[in-house]
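K.L.:
Next up is a structure, given as structure tokens.
The values are calculated or read from the model by the stated rules, or taken from the named source; none is laboratory data. For clarity, every value in this text was computed on a predicted model and none was experimentally measured. Glycine also receives a Cβ, built like all others from the backbone with ideal geometry; neighbour counts cover every protein chain displayed. Heavy atoms of the whole protein, side chains included, go into the accessibility calculation; ligands, DNA and RNA do not. Shrake-Rupley method; radii C 1.70, N 1.55, O 1.52, S 1.80 Å.
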Amino acid sequence: MAFRQRHLLGIEQLRPEEITAILDLADQYVDLNRGANKHSETLQGLTQINMFFENSTRTQASFEIAGKRLGADVMNMAMQASSIKKGETLIDTALTLNAMHPDLLVVRHPHSGAVDLLAQKVNCAVLNAGDGKHEHPTQALLDALTIRRAKGRLHRLNIAICGDIAHSRVARSNLILLGKMENRVRLVGPPTLMPSQIDQFGVEVYEDMAEGLKDVDVVMMLRLQRERMDGGFIPSEREYYHRYGLDAAKLSHAKPDAIVMHPGPMNRGIEIDGEIADDINRSVIQEQVEMGVAVRMAAMDLLARNLLAERANAPMEV
Amino acid sequence: MTLFLRNARLIDPEQQTDLIGDLLIKDGVIAEVGENLRAPSDAEIIDCAGKCLAPGIIDIGVKVCEPGERHKESYKTAGLAAAAGGVTTMVTRPDTTPPIDNPETLEFVLRRANEAAPVNVVPMAALTKGRDGREMTEIGFLMDAGAVAFSDCDSVISETKAFSRALTYARSLGALVIAHPQEPGLSKGAAATSGKFASLRGLPTVSPMAERMGLDRDMALVEMTGVKYHADQITTARALPALERAKANGFDVTAGTSIHHLTLNEMDVADYRTFFKVKPPLRSEDDRLEIIDAVKSGLIDIVCSMHTPQDEESKRLPFEEAAAGAVALETLLPAAMRLYHAEQLTLPELFRAMALNPAKRLGLAGGRLSVGAPADLVLFDADAPFVMDRFKLQSKSKNTPFDGQRMQGKVLATYVAGQAVYRRD
């Protein structure tokens, strides 16, 4: 079996063949999702809990649909409204949940490393649905699947990730994944939104969009994460749009068949022009959402297989 | 009572020597020291078997969590940890809850220390009331009550006018001020040093430059006020030229660093291990090496443990939310032995930084192996290997970054005023 992980905490832990294994299986789930009967019994009898310590509509819905299509019993917990407000620590929450015997735990948390911490304390498979500014592995995987299907390959591509790199877990997971699959990655954005010494990770850093987009195959735009900013990273949204927002003029520097991606939700008129986002010849943003469900089904399927194999070999203590 | 320690490897930080010899203790002070001494007939004789005998460590900046958080560390447990670690004098921090910012609290602390701790305790007091950086404390009364230095600890006084007044007043009394050089605006909310590691882990960061900016400001204030100043921790190479200039200009300035910044770097945090979260955050390997050089040259005067107990609840949190600090009274010596075994610092150099210089800076009699000095001593085996087990620590809190690590250097006995306060069985 190519996929050997107990959890999906980040792209950093994955080997290239494991990434490929997820994407190959996800391709099959795309077909299932497009068919008339979207239901499978793969996760029959398993319990999936979605714990979101941070607001999310899209990712949570995507994980929920993925779990339900695979036949799992899915429960959503909105943790902001829950015991976290009563002073319960993350560890206590984990132990409480553990006692309910979940099999798959999907976690989003505002602090980097929080999902790793939780994974150390529970007996089930944990999927990171985004931790602080650290990683968002399923987003990188769905981006990879989208690119592979649009470009026919996932190697030797020139890919520009543009905008608010500093606050983006999507950017971190993507640059690790795309690097592992042997692509050339460029980061484009204002220096105030660029993490320190990021150039040491085998990426090229640009401060100018025209230069950064020159001859790329893929343009990945990032959302300007105003909610994570403590002020003063950019002078104004209109100046940001002027210098870094993706419009037809800037996109003209990329290859003529370059695709445009965005993890959503989009700020139209801030990081991306509405017409580009909606251009079905360039934008694959809707495909990304579709691939998201398939990739999450694949990841949960593979983790569940490992979990069940592990339990068969070593029965859990009661 | 007379005690004769024969055949010891004498680590003398004043003479910078490391020679085999004997040492005679009479009435709690060092009566004789040298080669081939004759033991008085009434003396108890201890054969040191060639192990190291050095002045006991004087540790500036120990947090004992009394008053306020005795569940984290008490004078009793801190004292036991100090004795087991070869620390004969704890210079305690005032960042307790409430802070030690008035003579009454200071007297309470000294009473508790005398009742419970087997080693010397000399307290520091806060420089401003409530450590909130606005009004200075009763520096005169606090000195009368026994405060040896004044510090708001890691809380930087950002109101420069209030700080300058406190410094001017402290100068008039000859009080030593210990500050935490850091630009508070830049370091706000930081959990890691900016750079490759923090970028990968997505942690909120502070530029190493914040330390230099803080030190630059403080050096200007020292020039302005003439106060006796000690920087608690210098941890970055970029801050060193400012320190060197201040010393060259003849200002009364010294600097310290923590054992963690000398022996660990930012990469040790690895997968968000919160026991490695200290303040300021661990630095790059380049910085670590330059700071070791600065200790060797004497530019950095003092090495301390920055002993900061934290309970499990404060540490078992996401890295950003976890409390900073590490216990280190017992691990200071074995961690320092890493620098000795790596041939980065000699034993006399280490004890200059851990015993002699702190004594000089605070005007204490210890820290020396000379005749007439108090017999505060540590006998240790610099080579003995062991694997660190945090649950064997005497401290109530077990938050050491060295848990599970291979170390060398075991304390065999600790003497305070000639009395053994610790003996390894």
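K.L.:
Below 8 Å between Cα atoms, with a sequence gap of 6+, how large is the relative contact order for region A:1-149 in percent?
P.N.:
Taking the mean separation of contacting Cα pairs over the length of region A:1-149, I get 27 percent.
K.L.:
Oh, and also: Would you mind classifying region B:168-228 by shape? Square roots of the alpha carbon gyration tensor eigenvalues, ordered a ≥ b ≥ c; an a/c under 1.5 is rounded, otherwise it is prolate if a/b is larger than b/c and oblate if not.
P.N.:
prolate
K.L.:
Using protein heavy atoms only (no ligands, DNA or RNA), what is the total accessible area buried between B and A, 1.4 Å probe, nearest 100 Å²?
P.N.:
1700 Å²
K.L.:
Using a Förster distance of 41 Å, how high is the FRET efficiency between A:A210 and B:R70, based on the Cβ-Cβ distance and rounded to 0.05?
P.N.:
0.05
K.L.:
So in the protein assembly as shown, what percent of DSSP beta bridges are antiparallel if you round to the nearest 5?
P.N.:
The answer is about 35 percent antiparallel.
K.L.:
What is the percent carbon and sulfur in the accessible area of region A:56-147, measuring with a 1.4 Å probe over the protein chains and ignoring ligands?
P.N.:
Of all accessible area on region A:56-147, carbon and sulfur atoms account for 53 percent.
K.L.:
In nm, to one decimal, how far is the modelled label at A:E41 from the one at A:A150, with both set 7 Å along Cα→Cβ?
P.N.:
3.8 nm
K.L.:
For the protein assembly as shown, what does the accessible surface come to per residue with a 1.4 Å probe? Please give it in Å².
P.N.:
With the other protein chains kept in place, the protein assembly as shown gives 39 Å² per residue.
K.L.:
I'd like the accessible area for B:T105, computed on protein heavy atoms only with a 1.4 Å probe and all protein chains in place. Round to 10 Å², please.
P.N.:
Here the residue's solvent-accessible area equals roughly 30 Å².
K.L.:
Let me ask something else about it. Could you rank B:E107, A:E12 by how accessible they are, 1.4 Å probe, largest area first?
P.N.:
So, going from the largest accessible area down, we get B:E107, A:E12.
K.L.:
Turning to a different aspect of this structure: What number, rounded to the nearest 500 deg cm²/dmol, is the helix-based mean residue ellipticity at 222 nm of chain A, given -39500 (n - 2.57) per DSSP H run of at least four residues and division by all its residues?
P.N.:
That comes out to -12000 deg cm²/dmol.
K.L.:
Then there's this: So for region B:258-374, taking the charge dipole from beta-carbon charges (+1 Lys/Arg, -1 Asp/Glu), which of B:P374, B:T308, B:A324 sits furthest toward the positive end?
P.N.:
B:P374
K.L.:
Spin-label point model (7 Å from Cα, Cβ direction): what's the A:E12 to A:N55 distance in nm?
P.N.:
Here the modelled spin labels are 2.9 nm apart.
K.L.:
Let me ask something else. Just to confirm the number: angle between the C-alpha axis of helix A:169-180 and the first principal axis of chain A, 0 to 90 degrees, nearest 10?
P.N.:
Rounded to the nearest ten degrees, it is 90.
K.L.:
So, one more: Sorted by accessible area with a 1.4 angstrom probe, largest first, how do B:R288, A:R58, A:R238 fall?
P.N.:
From most exposed to least exposed: A:R238, A:R58, B:R288.
K.L.:
Here is a follow-up. Remind me, relative contact order of chain A in percent, using alpha carbon pairs under 8 angstrom and six or more residues apart?
P.N.:
Relative CO of chain A lands at 20 percent.
K.L.:
Given only helices, namely DSSP H runs of n ≥ 4 each adding -39500 (n - 2.57), what is the per-residue ellipticity at 222 nm of chain B, to the nearest 500 deg cm²/dmol?
P.N.:
-8000 deg cm²/dmol
K.L.:
Related question: Calculate, for B:D144 and B:E321, the FRET efficiency according to 1/(1 + (r/R0)^6) with r their C-beta to C-beta distance and R0 45 Å; round to the nearest 0.05.
P.N.:
0.65
K.L.:
Additional query: I'd like the orientation of helix A:285-313 relative to chain A: the angle between its Cα long axis and the longest Cα principal axis, in ° from 0 to 90, rounded to 10.
P.N.:
It works out to around 30 degrees.
K.L.:
Are there any residues in region A:134-162 with a reduction of at least 30 Å² in accessible surface when going from the isolated chain to the assembly of protein chains? Probe 1.4 Å, please list them by number.
P.N.:
Relative to the lone chain, where solvent access is computed with a 1.4 Å probe, region A:134-162 loses at least 30 Å² at A:H134.
K.L.:
In addition: Only sites in a loop by DSSP and with at most 16 other Cβ atoms within 10 Å count here; which trypsin sites (Lys or Arg not before Pro) in region B:1-106 make the cut?
P.N.:
B:R38, B:R70
K.L.:
Classify region A:86-173: rounded, prolate or oblate, from the alpha-carbon gyration tensor (a ≥ b ≥ c, eigenvalue square roots; a/c under 1.5 rounded; otherwise prolate if a/b is larger than b/c)?
P.N.:
Oblate, because a/c is 1.5 or more while a/b does not exceed b/c.
K.L.:
May I ask for the percentage of alpha-carbon pairs in region A:218-318 that lie more than 19 Å from each other?
P.N.:
For region A:218-318, the share of Cα pairs beyond 19 Å comes to 57 percent.
K.L.:
Give me the accessible area of B:K161, 1.4 Å probe, in Å² rounded to the nearest 10.
P.N.:
That residue has around 130 Å² of solvent-accessible surface.
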